[in-house]
Amino acid sequence: MPDIPLKDRMKIQRNVMPAQDPTQRVHNFNEVNLGYTPEIARKEAQRCLQCKDAPCMQGCPVHVNIPDFIARIAEGDYLSAADTILQDNRLPAICGRVCPQEEMCELRCIVGKKGLPVAIGNLERFSADITLTKRAKRPVGKLPIPTGKCVAIIGSGPSALACAGDLVRFGHGVTVYEALHAFGGVLVYGIPEFRLPKEVVRYEVEALERVGVLFEKNVVIGMTLTLNELMTEMGYDAVYIAAGAGLPYFLGIPGEELIGIYSSNELLTRVNLMKAYQPDAVTPVLNYKDKTVAVFGAGNTALDSARTALRLGAQKVMIIYRRTETEMPARREEVQHAKEEGIEFIFLAAPLEFLDNGEGWLKGVRLQRMTLGEPDASGRRRPLPVQGSDFNMDIDLAVIAVGNGTNSLLRNTPGLEFTKNDTLVIDPQTLQTTRRGVFAGGDIVTGGATVISAMGAGRQAAQSINTYLKT
Ligand code: FAD
Ligand code: SF4
Ligand code: SF4
């Protein structure tokens with residue numbers, strides 16, 4: 001770490017992430033954040049006080065050695081900075097982009113007590129991006145002696161990728177079965193290109209292929225193959241279920257079946273994965289050009305849907321939320337970016353009914369004003385309807401982004417137990433399900449959560465599976 005007195009380090013202002021201009025970026029799907037240059041990264045790294053107890057590490061679910069990797073960036077040794085992160089987090093280019101750092105590592109940063117915290121996520125992304133080519137060309141190195149045991153992984157999202165990476169390093173054979181035609185889970189079908197370029201995810205999948213992980217696409221476990229077939233006829237010694245929570249919830253109000261109403265999953269999958277914005281797309285979306293679009297919800301999925309609608313050419317896009325900005329679960333950066341791009345926010349309003357144009361197409365929504373009461377089970381203040389406050393609003397298209405549940409494909413599998421919320425029952429220590437040799441983690445256990453928590457579960461499961469296979 002360069003020898004800069006503490007008081008001088010404290011004076012350095014947080015370095016802003018360079019970004020595409022809002023007036024330009026609303027017309028393209030390219031990444032909004034452009035990344036730090038080496039000069040900016042080294043300056044930002046100098047803000048770190050190298051705290052002995054590193055409270056920032058307690059805020060990171062996988063305990064990345066933050067002071068160590070930041071010190072290496074400050075010294076200009078970017079490859080060893082990336083290697084430090086990789087010891088705990090196999091997907092730094094992804095987490096540096098999408099972790100809600102303001103609630104995790106950066107929330108605990110000492111520098112943040114008196115000003116803005118060290119930009120840990122931006123630095124993580126920088127070290128991962130700048131070393132990508134070097135890391136890709138690095139020889140794989142000596143692989144462990146094969147144990148002869150094989151593990152099947154269901155799903156290919158961050159939880160699956162993290163688990164696969166550790167299992168091959170233990171010497172086990174690993175096959176990842178993915179229902180879709182691309183690998184990466186929400187990282188490829190949900191989070192848009194303008195927040196997470198798909199090439200970053202492809203790189204991570206290829207890195208796993210190089211160390212021997214097998215990937216099978218278009219295989220729906222529960223339909224194409226059953227869990228029983230995997231464990232009996234196909235002879236897998238253990239299974240890790242990381243099938244996520246991809247089933248969209250709806251509002252359950254009249255008119256929700258009208259043409260012009262999408263679930264966020266459908267919109268984002270068609271646009272991200274099926275490139276619906278291209279003229280020759282095989283699964284296009286309705287024409288968003290010059291339309292008025294209302295998105296219901298206030299999480300990352302809602303914000304991603306709204307910003308996607310804008311890029312599809314919508315003239316006006318509104319986020320309609322029954323609470324206020326304070327309670328919004330979306331990342332702060334996304335809210336900020338959405339505002340810069342001209343997304344409108346309508347707070348304290350809830351939909352009562354979608355309105356029909358008489359031919360089965362959406363033409364508007366009836367809304368009701370809300371007010372906030374006492375906190376509910378989620379800790380957020382409960383929205384309460386204001387009687388007699390209904391009003392109508394004209395809209396052409398609507399996107400429902402009010403959360404996801406787990407899909408039902410594995411529900412009838414013998415030996416597996418589900419909670420009343422349809423998440424899988426597991427032992428929290430081992431992540432083993434109620435069926436011996438079958439483990440589970442990520443969103444299928446927690447419900448919709450974060451990339452880094454899903455990855456953390458994947459790594460924990462790999463440890464447990466390794467122990468299980470040795471006994
Ligand atoms: P997933 O990523 O959901 O992957 C599960 C995979 O399993 C999918 O590819 C699915 O096709 C496959 N699958 C399902 N059933 C089967 C089956 N029967 N057979 C075979 N394959 C199957 N988190 C953040 O930290 N930051 C963000 O900014 C953020 N933004 C988000 C934006 C959106 C639009 C969404 C939807 C989520 C976002 N999240 C974000 C949440 C985060 O992406 C998830 O918590 C995380 O991806 C969960 O990982 P997973 O591996 O458990 O499951
Ligand atoms: Fe922060 Fe996420 Fe990196 Fe952990 S993995 S240090 S929470 S950005
Ligand atoms: Fe650096 Fe902040 Fe972590 Fe201290 S808490 S080591 S200043 S990143």
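The values are calculated or read from the model by the stated rules, or taken from the named source; none is laboratory data. These numbers come from a predicted model, not from an experiment. Because the Cβ atoms are built from the backbone with ideal geometry, glycine has one as well, and the counts that use them run over all protein chains shown. The protein model used for the area step is the full one, side chains on, heavy atoms only, and it has no ligands, DNA or RNA in it. Shrake-Rupley method; radii C 1.70, N 1.55, O 1.52, S 1.80 Å.
Taking the criterion of being within 13 Å of GLY121 (Cβ to Cβ) and either more than 9 Å from ligand 3 (Cβ to nearest atom) or of a type in the set (A, V, I, L, M) (or both), the residues of the stretch 56-65 that qualify are CYS60, VAL64.
Of all residues in the stretch 182-226, those satisfying the criterion of being among the aromatic types (Phe, Trp, Tyr) and part of a helix (DSSP H, G or I) are TYR189, TYR203. Could you check, for the stretch 343-350, whether at least one of its residues is of a type in the set (Phe, Trp, Tyr) and touching a residue at least 40 places away in the same chain (Cβ under 8 Å)? Within the stretch 343-350 (the criterion being of a type in the set (Phe, Trp, Tyr) and touching a residue at least 40 places away in the same chain (Cβ under 8 Å)), the answer is no, since none of the residues qualifies.
Scanning the stretch 168-180 finds one or more residues that are away from ligand 1 (no atom under 11 Å from the Cβ), in a helix (DSSP H, G or I) and either aromatic (Phe, Trp, Tyr) or over 19 Å from the mean Cα position of the chain (by Cα) (or both). Whenever a residue of the stretch 8-31 is outside the structural domain of GLY121 (by TED's automatic domain parsing), it has no partner that is open to solvent by 90 Å² or more (accessible area, probe 1.4 Å) and among the aromatic types (Phe, Trp, Tyr) lying with C-beta atoms less than 6 angstrom away and at least six residues away or across chains.
Give the stretch 391-403 a look and list any residue that's over 20 Å from the mean Cα position of the chain (by Cα) and either under 28 Å from THR446 (Cα atoms) or open to solvent by less than 70 Å² (accessible area, probe 1.4 Å) (or both), or say none.
Within the stretch 391-403, PHE391, MET393, ILE395, ASP396, LEU397, ALA398 meet the criteria.
On the stretch given as the stretch 426-464, residues that are more than 16 Å from ILE153 (Cβ to Cβ), open to solvent by less than 20 Å² (accessible area, probe 1.4 Å) and more than 16 Å from ligand 2 (Cβ to nearest atom) total 1. Restricting THR467, THR423, THR406 to those that are among the hydroxyl-bearing types (Ser, Thr, Tyr) and open to solvent by 40 Å² or more (accessible area, probe 1.4 Å) reduces the list to THR467.
Between GLU193, GLU204, the distinction of being open to solvent by 20 Å² or more (accessible area, probe 1.4 Å) and either more than 9 Å from ligand 1 (Cβ to nearest atom) or assigned by TED's automatic domain parsing to the domain that holds ASP166 (or both) belongs to GLU193 only.
Which one of ASP88, ASP53, ASP68 is within 15 Å of ligand 3 (Cβ to nearest atom), modelled with pLDDT under 95 and out of contact with any Asp or Glu (no Cβ under 7 Å at 6 or more places or on another chain)?
Unique residue meeting the criteria: ASP88.
Restricting the stretch 16-56 to residues that are within 21 Å of the chain's Cα centre (by Cα) and open to solvent by 40 Å² or more (accessible area, probe 1.4 Å), the residue that is nearest to GLU340 (Cα to Cα) is ALA19. Note on the stretch 101-139: residues that are over 22 Å from SER453 (Cα atoms) and polar (S, T, N, Q) total 2. Please tell me if GLU340 is out of contact with any helix residue (DSSP H, G or I) (no Cβ under 6 Å at 6 or more places or on another chain) and open to solvent by 20 Å² or more (accessible area, probe 1.4 Å). When the stated conditions are applied, GLU340 does not pass them. Is there a residue being within 21 Å of PHE354 (Cα to Cα), at pLDDT 95 or above, away from ligand 3 (no atom under 16 Å from the Cβ) and aromatic (Phe, Trp, Tyr) anywhere in the stretch 285-299? Yes, that holds for at least one residue. Considered as a group, the residues in the stretch 33-50 that are over 20 Å from ARG108 (Cβ atoms) and of a type in the set (A, V, I, L, M) include one that is nearest to ligand 3 (Cβ to nearest atom), and that residue is ALA41. The residue that is nearest to LYS52 (Cα to Cα), among those in the stretch 79-130 that are in contact (Cβ under 8 Å) with a residue 60 or more places away in the chain and of a type in the set (Val, Ile, Thr), is ILE110. Please work out which residue is surrounded by the most Cβ atoms within 10 Å (Cβ to Cβ), limiting yourself to the stretch 269-296 and to residues that are touching a residue at least 60 places away in the same chain (Cβ under 8 Å) and assigned to a loop (DSSP other than H, G, I, E, B). By that ranking, first place goes to TYR288.
Listed here are the strands (runs of 3 or more DSSP E) enclosed by the stretch 377-463 that have at least 1 residues being among the basic types (Lys, Arg): 381-385.
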